[in-house]
Every structure is written in C-alpha cells, then in structure tokens.
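Working notes, structure below.
The values are calculated or read from the model by the stated rules, or taken from the named source; none is laboratory data. These figures come from a predicted structure and were not determined experimentally. Don't worry about glycine lacking a Cβ; one is built from the backbone with ideal geometry, like all the others, and counts go over all protein chains shown.
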C-alpha cells in the first residue's frame, strides 16, 4: 500500500491543487517501510490525480481539496482523507492506527461557493472565468 500526503516543511500542505510536493509512504503490515518526498513538477488540480496514480498511490491525506479533484481521485481509485492539519508523519501513523481525524465532507472554500450570490466577483480572487 502507498499513502501520499500533500507536503510542505514536514506538515500537510493545505491546498491540494497547489501542492508542489507529496511525501509518499510505502506501508507493509501496517508499518511504514519507506518514505520519500517527490516534486509534482507543476502539475495542477486534475493532473495531480493521474500523477498520484502513476506513482502507485492508494490513499491521500491532505488539507483542503475541491470537488473536481475529489472526483478525479475517486476515478483513479485513490481513497481521500481530507481536512487534515499538522505533521505529515504523525498523520500517517494516526491513519495506520485507525485514529486519524479527518473530514469526509471536506471542501476547498476557494472553489465550492455560490458565485455572485453574495455580490463578490470571482475575478477578485482569481478562480477565473466563473460567471453567472
């Protein structure tokens, strides 16, 4: 089994689609036997699911993640544990122990909101091209 964590300076990076690194953990018999940090080489939201699948990942621990990325992960069979904060290594150990606190309904606030309903313009925060 292989677990990926969005990664920055030892901690879980909080925006899946903007992560520049993942820490990958190879697990055998409920124990980490190998880990490495890999660069995403600039892959964005949709491409990251394919990137993880190509690296043999079965599970992902991350912070915020949008609905499109969640669907892309589901399409390639990667189980998501989102809404997690803190140290990456500790999160993996908690997952392996069955004690990881995560949010099964995690959403990335940046993407999953009603555009225009509250009078804001999407262009003001760069989510690009969304108009009602």
Filter result for residue 71 (under 15 Å from the mean Cα position of the chain (by Cα), at pLDDT 95 or above and not in a strand (DSSP E or B)): no
Tally of residues being in contact with a helix residue (DSSP H, G or I) (Cβ under 6 Å, 6 or more places away or on another chain), over 16 Å from residue 69 (Cβ atoms) and assigned to a strand (DSSP E or B) across region 12-46: 2
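Take the conditions over 14 Å from residue 16 (Cα atoms) and either modelled with pLDDT of 95 or more or outside any loop (DSSP other than H, G, I, E, B) (or both) and apply them to residue 50. Does it pass?
Details: over 14 Å from residue 16 (Cα atoms): no; either modelled with pLDDT of 95 or more or outside any loop (DSSP other than H, G, I, E, B) (or both): yes.
So residue 50 fails the test.
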Condition met for residue 56 (touching a strand residue (DSSP E or B) at 6+ places or on another chain (Cβ under 7 Å), in a loop (DSSP other than H, G, I, E, B) and surrounded by fewer than 19 Cβ atoms within 10 Å (Cβ to Cβ)): yes
Lone unmet requirement of (1) in contact (Cβ under 8 Å) with a residue 12 or more places away in the chain; (2) surrounded by fewer than 20 Cβ atoms within 10 Å (Cβ to Cβ); (3) touching a strand residue (DSSP E or B) at 6+ places or on another chain (Cβ under 7 Å) for residue 28: (3)
